[in-house]
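Some notes on the structure that comes next.
The values are calculated or read from the model by the stated rules, or taken from the named source; none is laboratory data. Note that the structure is a prediction, hence the values are computed from the model and not measured. Here the Cβ positions follow ideal geometry from the backbone for every residue, glycine too, while neighbour counts run over all protein chains shown.
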């Protein structure tokens, strides 16, 4: 059945409640402590410190309650403290918190691999490896592809985000703040990474270009500039995350995947942000029936605990020699227990259906807003799938990105008790990633605040 507010018992009242000016005194005191000990390179988008979180509500140390439309960047999809996840974590921690699967293995790791092999697209024989972060999963997917094919080149796309490690920074498209800053850059980066044009319907020079035509454009560039016989892997987010929640035109992903298969190139779907019911399917590639050779996962996989994975064709992953994959903390037993519980909650409450319901509610509201003369002139595009939705803000009457308005809207929402996230290559996209268990009432309240903020700041 689909999760509703009446089927889940929450510890915290599922309502926003701002008690006074914030950040409050306790958050301010914590921020002073932070500035003395935490590196300045770590930033936080919201200037309050969390005391508790439950369902779709975050409560700060000063007692203010905020509607959470970010889910810790698509992580707490089952809610901020899902009872099943909490119970599983408590039970696992009471037995053992770590042994290292590479030393003394345990059932939880195997059970998570079984579930991922079952849930990921395709009925081929699969193998899974567990890691800690999305970037680590991406690194290892590329390692597998290079070893299995004997090739070096990796193709990524404009607006892509794949992580902050050396290799994944090379794959990531946006320079500031991920690859460089005012004082210089983090390079040199890993070699043999090539970037191709993404299908970005709102910003295409030719608005009539189809997904298949956009794929042909990229394929032609690969063949001319690299040579297909040199390419180990194509890696792509089926819906781009940090780049702006860009949904490629229909046909783009299937055409790329088919060409990669024909040329012996490993097709890697980076589903770190879009996976686990977020788009109304277990994985975003399912919307067009694409079956990746390898799929990378993290974020929503374990209800908030650090866990990531790659699942792929058995012949690819088994090509790696024993000891070639792994890591000390990869597949931590407590995180594995959380993942099994989170997947159970997703299935029990049919959170795919719930994500589609959120899409129906939210897209309707956002499109109404885009048609409203008091706001529509600055709304360039409304897009997304499931509970992975976005508004691209522009200078009135144009497609010129409006990053300042985006910042102002996010700040105005926060003042009213709603946490929203921004993203995009141009810093002008508001992204909505509510917990999939959020009630209709809480979601609609948050959307009303967002609409008012856009109107007031336009």
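Can you find even one residue in the stretch 420-434 that is touching a strand residue (DSSP E or B) at 6+ places or on another chain (Cβ under 9 Å), part of a helix (DSSP H, G or I), in the same structural domain as residue 74 (by TED's automatic domain parsing) and in contact (Cβ under 8 Å) with a residue 12 or more places away in the chain?
The initial filter retains those residues of the stretch 420-434 that are touching a strand residue (DSSP E or B) at 6+ places or on another chain (Cβ under 9 Å), namely 420-434.
Filter once more, so that each one left must be part of a helix (DSSP H, G or I): none.
No; the residues of the stretch 420-434 include none that is touching a strand residue (DSSP E or B) at 6+ places or on another chain (Cβ under 9 Å), part of a helix (DSSP H, G or I), in the same structural domain as residue 74 (by TED's automatic domain parsing) and in contact (Cβ under 8 Å) with a residue 12 or more places away in the chain.
Please go through the stretch 137-158 and pick out each residue that is in contact with a helix residue (DSSP H, G or I) (Cβ under 9 Å, 6 or more places away or on another chain) and closer than 16 Å to residue 298 by Cβ.
138, 139, 142
Can we say residue 365 is surrounded by fewer than 20 Cβ atoms within 10 Å (Cβ to Cβ) and at pLDDT 95 or above? Write out each step before concluding.
Working: surrounded by fewer than 20 Cβ atoms within 10 Å (Cβ to Cβ): yes; at pLDDT 95 or above: yes.
Yes.
Taking the conditions exactly as written (touching a strand residue (DSSP E or B) at 6+ places or on another chain (Cβ under 9 Å) and either in a strand (DSSP E or B) or over 17 Å from residue 279 (Cα atoms) (or both)), does residue 341 satisfy them or not?
no
Does residue 173 satisfy being surrounded by fewer than 24 Cβ atoms within 10 Å (Cβ to Cβ), part of a loop (DSSP other than H, G, I, E, B), within 17 Å of the chain's Cα centre (by Cα) and not assigned by TED's automatic domain parsing to the domain that holds residue 439? Step through it out loud before you land on a result.
On the way: surrounded by fewer than 24 Cβ atoms within 10 Å (Cβ to Cβ): yes; part of a loop (DSSP other than H, G, I, E, B): yes; within 17 Å of the chain's Cα centre (by Cα): yes; not assigned by TED's automatic domain parsing to the domain that holds residue 439: yes.
Yes.
Please tell me if residue 246 is buried (at least 24 other Cβ atoms within 10 Å of the Cβ) and either in contact with a strand residue (DSSP E or B) (Cβ under 8 Å, 6 or more places away or on another chain) or in a strand (DSSP E or B) (or both). Spell out the reasoning first.
Numbers: buried (at least 24 other Cβ atoms within 10 Å of the Cβ): yes; either in contact with a strand residue (DSSP E or B) (Cβ under 8 Å, 6 or more places away or on another chain) or in a strand (DSSP E or B) (or both): yes.
Considered against the rule, which asks whether it is buried (at least 24 other Cβ atoms within 10 Å of the Cβ) and either in contact with a strand residue (DSSP E or B) (Cβ under 8 Å, 6 or more places away or on another chain) or in a strand (DSSP E or B) (or both), residue 246 comes out as yes.
Being at positive phi, touching a helix residue (DSSP H, G or I) at 6+ places or on another chain (Cβ under 8 Å) and not in a loop (DSSP other than H, G, I, E, B) is true for just one of 384, 327. Which residue is that?
The match here is 384.
Right, residue 132: closer than 23 Å to residue 273 by Cβ, surrounded by fewer than 21 Cβ atoms within 10 Å (Cβ to Cβ) and touching a residue at least 24 places away in the same chain (Cβ under 8 Å) or not? Give the derivation first.
Details: closer than 23 Å to residue 273 by Cβ: yes; surrounded by fewer than 21 Cβ atoms within 10 Å (Cβ to Cβ): yes; touching a residue at least 24 places away in the same chain (Cβ under 8 Å): yes.
For residue 132, the condition - closer than 23 Å to residue 273 by Cβ, surrounded by fewer than 21 Cβ atoms within 10 Å (Cβ to Cβ) and touching a residue at least 24 places away in the same chain (Cβ under 8 Å) - is met.
If residue 399 passes every condition in (1) closer than 24 Å to residue 248 by Cβ; (2) in contact (Cβ under 8 Å) with a residue 60 or more places away in the chain; (3) surrounded by 20 or more Cβ atoms within 10 Å (Cβ to Cβ) but one, which one does it miss?
(3)
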